[in-house]
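*Asks:* The structure that follows is given in the form of C-alpha cells.
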Amino acid sequence: MARRTVLVLGGGVGGLITANELRRRLDPADRVLLVERERRHLFQPSLLWLMVGRRRRDQIERPLRELLASGVELVEAEVNSIDPAARRIETSAGVLEGDALVVALGAEPDRDAVPGYNEAALDFFSPAGAAACAQALDAFEGGRVVVSVAALPYKCPAAPYEAALLLDDGLRRRGLRGRSEIDVYSPEPAPMPVAGPAMGAAVVGLLEAKGVRFHPGSRVERFEPDGREVVLAGGGRVGYDLLAGVPPHRAPAVVRESKLAGDVGWIPVDRATLETRHERVHAIGDVTTITLANGKPLPRAGVFAHHEGLVVARRIAATLAGRPTLDRFDGVGYCWVETDAGSAAFAAGEFFAEPDPTLDLRMPGRRWHVGKVLFERAWIGGRLERRLAHVGLKAGSRILGVNASI
C-alpha cells in the first residue's frame, strides 16, 4: 500500500483534534502533518480569566508539540498559499502536498476595521490585551466601564456578556461596584441572537441581575481614545473610563485569497461532512461558514471546531481505507457563561434544529464553573485524547436531554 499524507493547516482546537484523531485512525505508515506558525497553543476560553487577573498567561498556554499525539509531524511555518484543487500548499518552510487536506486556520481579529479601536480598546481577545485589561482593572478606582462589540462578526458569542459579568465581579471584590457603572454596547439586536429570543432574554436577565445595562443595536462608527468616547452611528456618544473591546473577525488573508473562499471570505462547507467543493479537501472551525435553517450562520466557537475535527478525521480515514462512513456533524453545541469567580451558567442545544436552534440555559451554579475549570485543566494538561474534553458536553446533554454523542 502506498504511503498517504494528510495535511492539517492550523494548530488551534480543530486542527489539534483533527491531527490527533487522524494519527489514531490511519495506518501507521501514513503521514499526518500539522502546519502551524505558533509554537505555543493558547486555551482561548481562559482569556476571560486572564482579563480579570485570575490567570497568568503561562497557565493557559502549552507548547503545541506536547499536545500532539506521537507520530504527528509538526511543521512550524506560515501558510503562504493554498491550491485546493491540487491539495498543495506553499509555506515559509517549503511546498507540501497531500492526499487529503484539512483547513483549520481559524479567524483573525480585524482590529483596523473600526477607526480608533486599536488605540482605545483593551482587547481581551488577545493575551496581551487581556493582561493589559487586568492591569487597568487593578488600577481602576471607579467610573464607567464599557464593553463594546466593535463590529460583526466576532467569535465566541457569549464573550462580551461574560466579560461584563466578570468585570462586575472584580469590581465588587474590590469594593468599587457602588461607584461604577457597567454597560454593554452591541450592534446585535439581542445577546447571542442565533440562539433565539428566549436565550437572548435569559442572558439579559443575567446582566440585569448584576446591574449591567445592555444596549442592543449600537453600531460603532469610531472610537475616540483622546476624549475617551465611543461614537455610535447616528451621532450618539458614549463616554468611558475603562473600555473592554471585542474586535470583528475575518478569515485569514491566505484563505480569502484562495479558491476556497466564498463571496464573504469564509469557506463554505457541507454542514454534515465539512467537505468543500474540492475533492478530499475539508474545512473546519472558525474559518468556515455554515448557514442554519433560520438563515443565520453557525456561531464561531471552539466546541464546534472540536466536534467537526473528529468527524472529518474519521471520514478521511475511512475514505483513504476505502470504507464507508456514517460520521456526520450534528450541530450540537454548548458553552459556559461565567458569571463570577465561582459560578457559571451553562447552555447546550441543537443548532441544526428547525426552524430555529433549540437551546436551554441553566442558571448559574458552582458545578458549571467547576466543569469549565476541569475542562481547562484537561485541555492544558493534554488529556483530551482520553476523552476528558467531553465532560461538559456529556453532562449538559444528560441534564438538558440533548443528543450529544460524539
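The values are calculated or read from the model by the stated rules, or taken from the named source; none is laboratory data. This structure is a prediction, so every number in the text was calculated from the model and none was measured. Every residue, glycine as well, gets a Cβ built from its backbone with ideal geometry; the counts of neighbours run over all protein chains shown. For accessibility, only protein heavy atoms count, side chains too; no ligands or nucleic acids. Shrake-Rupley method; radii C 1.70, N 1.55, O 1.52, S 1.80 Å.
*Asks:* Given the conditions (1) within 17 Å of His306 (Cβ to Cβ); (2) touching a His at 6+ places or on another chain (Cβ under 6 Å), and given that Pro84 satisfies all but one, which numbered condition is not satisfied?
*Replies:* For Pro84, the failing item is (1).
*Asks:* Here is a follow-up. Just the residues that are of a type in the set (A, V, I, L, M, F, W, C) and either in a helix (DSSP H, G or I) or open to solvent by 10 Å² or more (accessible area, probe 1.4 Å) (or both), please, taken from the range 141-166.
*Replies:* If the condition is that a residue be of a type in the set (A, V, I, L, M, F, W, C) and either in a helix (DSSP H, G or I) or open to solvent by 10 Å² or more (accessible area, probe 1.4 Å) (or both), then Ala151, Leu152, Cys156, Ala159, Ala163, Ala164, Leu165, Leu166 are the ones that fit.
*Asks:* For the range 95-128, which positions are without any contact (Cβ under 8 Å) to a residue 12 or more places away in the chain and either buried (at least 16 other Cβ atoms within 10 Å of the Cβ) or of a type outside the set (A, V, I, L, M, F, W, C) (or both)?
*Replies:* Passing the criteria: Asp112, Asn118.
*Asks:* For the range 82-94, which residues satisfy the criterion of being of a type in the set (A, V, I, L, M, F, W, C) and open to solvent by less than 60 Å² (accessible area, probe 1.4 Å)?
*Replies:* Correct list: Ile82, Ala86, Ile89.
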